[in-house]
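Notes follow the structure.
Nothing in this text is a laboratory measurement; each read-out follows from the coordinates by a stated rule. Model, not experiment: these values are computed from the prediction. Cβ coordinates were reconstructed from backbone atoms using ideal geometry, including for glycine residues, and neighbour counts include every protein chain displayed.
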Amino acid sequence: EFALADNSCLLDQSGASVRPDPRFIDYIWTLVKKSNSSLIDFHTHPFSDTNVGFSGIDDRSEMESFPKAVEYLGNGPHTSVVLGRNSLDGRWYNPITKTLEPIAALKILGQKLTTITPTSAKRSGWFTDKAIN
């Protein structure tokens, strides 16, 4: 299921950051828990073009929120994807090591399987699929 946060779901939005209403977060987490699913958080860095990456704000926010997600929702895998204008990056939270790890590929299922290599995987040369247990 895909849930879009419109302006009514946000406490603050500026050119540099977005702060969702905690009630929206609670709603999303409840949907994820009831469906026994994993959480995938998408957000944009609209000024990034072909080499988007996670910011220091993203790092701090996710190191705070992902352990809470694991505690409430289970081990996941819970992931985060940041979209630039012509690129994306992705990572997942490893609850065993308590670290954020890059995603090797994002696969979009449809009439045709599309595989997108995130920018961090391109930078590291890590192009192989990685199984998440």
Taking the Cα atoms of the chain, what is the range of coordinates along each of the three principal axes, in descending order and whole Å?
-> 39, 35, 34
What's the Kirkwood radius of region 23-100 in Å, using all Cα pairs?
-> 13.1 Å
Packing-based ranking, highest mean first, of 107-115, 17-25, 35-43, 62-70 given that Cβ atoms within 10 Å are counted = 62-70, 35-43, 17-25, 107-115
Which semi-axes, in whole Å and largest first, does the equivalent ellipsoid of region 53-95 have when worked out from the alpha carbon gyration tensor as the square roots of 5 times its eigenvalues?
-> 21, 12, 6
Based on Cβ point charges of +1 for Lys and Arg and -1 for Asp and Glu, what charge dipole magnitude is obtained for the chain about its Cα centre, in debye rounded to the nearest 20?
-> 360 debye
